[in-house]
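The values are calculated or read from the model by the stated rules, or taken from the named source; none is laboratory data. From a predicted model like this one, the values you see are computed outputs, not experimental measurements. Glycine also receives a Cβ, built like all others from the backbone with ideal geometry; neighbour counts cover every protein chain displayed. Please note that ligands, DNA and RNA were not included when accessible areas were found on the heavy atoms of the full protein model with its side chains. Shrake-Rupley method; radii C 1.70, N 1.55, O 1.52, S 1.80 Å.
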Amino acid sequence: MTGDRILPGRGSEAPVELAFKNWLVATGWRLLDDTGSWADVIAERGNERLIGEVKGHTGGSTGLDVDTMFGQLLRRMTPAAATTWAVIVPTRSLTAVLRVPIDIRRRLGIRVFEVRDNDEVLEHFV
């Protein structure tokens with residue numbers, strides 16, 4: 001589903017991040033406000049911790065931006081019990097994210113979340 005709410009270009013990340021954070025809270029996560037952090041999203045639920053990087057849709061440079069997003073996440077990953085590493089993107093950027101093979105994402109423990117234009121959040125396992 002691709003609509004006009006999450007537009008390409010500068011500023012396309014903000015509505016994706018807001019929708020994802022709202023979804024986290026609705027599903028029992030507590031957002032952590034760590035203004036000094038590199039991460040776009042940090043949340044906890046019980047003993048679980050989620051650290052995520054959000055990218056919007058930047059048109060022609062989306063593939064490069066997604067590669068940068070994975071690099072940012074990989075560079076900062078540390079072994080930690082019960083940490084979920086996540087990439088969060090709008091529907092328009094999902095194809096670029098899924099170029100990273102699922103076996104690699106599984107080995108690294110990186111989960112993929114899509115934010116649709118209606119703010120629905122879907123996790124992609126395949």
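Could you give me the ³J(HN,Hα) list for the range 50-59, computed from phi with Karplus coefficients 6.51, -1.76, 1.60 and θ = phi - 60°, whole Hz, x at Gly and Pro?
My calculation for the range 50-59 gives 10, 10, x, 10, 10, 10, x, 10, 10, x Hz in order.
For the range 97-111, just list the computed ³J(HN,Hα) in residue order, Karplus coefficients 6.51, -1.76 and 1.60, θ = phi - 60°, integers in Hz, with x standing in for Gly and Pro.
5, 6, 5, 6, x, 4, 4, 5, 4, 5, 4, 8, x, 9, 9
Once you compute Rg and the Kirkwood Rh from C-alpha atoms, what is the Rg to Rh ratio for the chain? Spell out each step's value before the answer.
On the way: Rg = 13.6 Å, Rh = 14.6 Å.
For the chain, the value is 0.93.
Could you report the chain's accessible area per residue, 1.4 Å probe, as an integer in Å²? Please list the in-between numbers first.
Details: 6780 Å² over 126 residues.
In whole numbers, the chain has 54 Å² accessible per residue.
Order 52-59, 92-99, 21-28, 72-79 from most to least packed using the mean count of other Cβ atoms within 10 Å. It would help to have the intermediate numbers written out before the result.
Details: 52-59: 21.5, 92-99: 18.4, 21-28: 14.0, 72-79: 11.8.
Per-residue mean Cβ counts within 10 Å order the peptides as 52-59, 92-99, 21-28, 72-79.
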